[in-house]
Amino acid sequence: MSAFQNLITENKDGISIITINRPDKLNALNRQTIVEIGEAIKQAIADKSVAGIIITGSGPKAFVAGADIKEFMSLSGDQGKAMARSGQEIFQVIENSPKPVIAAVNGFALGGGCELSMACHLRVASENAQFGQPEVNLGLIPGYGGTQRLVRYIGRSKALELMMTAGMIPAQQALQLGLVNYVVAPDALIAKCIELLNVIKTKSPEAISSVIRATNAYDGTQQGFEAELTEFGKCFTTEDIKEGINAFIEKRKPQFAR
Ligand code: COA
């Protein structure tokens, strides 16, 4: 994989690990870093050897402590909107990745960091992780999809509380609220993500992509059900369904092509 200024990327047995590497700034997302995340995700999606992706932060303290506040100085309204739009577009690349993406939340996940974790399909948090949307402290609001995704994950009432109080919630509370999938010891974090991806890796990649597309289409209306129908129908046109059903009939484990 190509070198990045603010990321470390590695391919570990078919799992792409993207580490945001600005630990002295608590991995705050400056423009360069967000663009690089988008590039790294696109590379991992295009790489046939990659079955799943992990995004994490460097150092023991932070996943990502937010967008880089210093870059907000002297932005006009239009510039602020444009910046948020391009960040949202990159986070949508993550959310729409046909390969599973897990956020390994190794500390503070604040503002854009909480939003980045929510753009991932699953979240595993270390015991010291803290989540929050503290933008109102700065006279701002979440701009990378936080007002929308937080409502989906924890419901309107708690989402509003978190955004309006700018409070932080510890990993265990995030687990209770359904924001994260697992909480583990810090030194078990990446191993837990790999364990999850190793399970997903044995399933039909085409079906996994369909699950992601159909689930992303959820908007509480009939449109989501229609998307499910489309994806369900598509499954019947894949090689994976032939292999999956044959394997079941032949009483063996399926071997899906990647
Ligand atoms: N943007 C830019 N720089 C940030 C940052 C951010 N979102 N979050 C942390 N940093 C920088 C600090 O400025 C500091 O840099 P410096 O050493 O050059 O001064 C460094 O990271 C360490 O942060 P510090 O505040 O000293 O650590 P702490 O342990 O005392 O506090 C936090 C940790 C997370 C509570 C605190 O850094 C914080 O509140 N960050 C901002 C969170 C936020 O509002 N995020 C939403 C942004 S929209």
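Readers should treat all values here as calculations from the given coordinates under stated rules, not as data from a laboratory. Note that the structure is predicted; figures quoted are calculated from it, not measured. Note that each Cβ is placed from the backbone with ideal geometry, even for glycine, and that neighbours are counted across all protein chains shown.
A compact table of results
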quantity	calculated
Estimated vicinal HN-Hα couplings, Hz - the range 174-191 in sequence order (Karplus 6.51, -1.76, 1.60; Gly, Pro = x)	4, 5, 4, 7, x, 6, 10, 8, 8, 10, 9, 5, x, 7, 9, 5, 5, 4
Ellipsoid equivalent to the range 155-258 - semi-axes via the Cα gyration tensor, in Å	34, 22, 9
Separation between Cα centres of the range 52-85 and the range 182-258, rounded to whole Å	30 Å
Nonlocal amide H pairs with Leu7, under 5 Å, H built at 1.01 Å	Asn21
Convex hull of Cα atoms in the range 205-249, direction-averaged projection (nm²)	3.1 nm²
Candidates Gln43, Gln148, Gln222, ranked by Gaussian network fluctuation over the chain, Cα under 10 Å, top entry	Gln222
Most mobile listed residue (Ile190, Ile241, Ile34) in the chain, GNM with C-alpha springs under 10 Å	Ile241
GNM top mover of Cys114, Cys193, Cys235 - the chain, alpha-carbon springs below 10 Å	Cys235
Using a Förster distance of 41 Å, the FRET efficiency for Lys61-Ile249 (Cβ separation, nearest 0.05)	0.20
Phi-based couplings in Hz for the range 244-258 (Karplus 6.51, -1.76, 1.60; Gly and Pro marked x)	x, 6, 4, 4, 4, 5, 7, 6, 9, 6, x, 10, 7, 6, 10
Where trypsin sites (Lys or Arg not before Pro) fall in DSSP loop in the range 3-51, at most 13 other Cβ within 10 Å	Lys48
Within the range 162-258, chymotrypsin sites (Phe, Trp or Tyr not before Pro) in DSSP loop having at most 10 other beta-carbon neighbours inside 10 Å	Phe236
Percent of Cα-Cα distances greater than 29 Å, calculated over the range 7-200	15 percent
Two-decimal ratio, the range 10-82, of alpha-carbon radius of gyration to 2.2 N^0.38 Å	1.29
For the range 94-109, Karplus couplings with θ = phi - 60° (6.51, -1.76, 1.60), whole Hz, Gly/Pro x	5, 4, 8, 4, x, 9, x, 10, 10, 8, 9, 8, 9, x, 4, 10
Residues with amide H under 5 Å from that of Ile54, placed H, sequence gap 5 or more	Ser16, Ile17, Ile18, Ile102
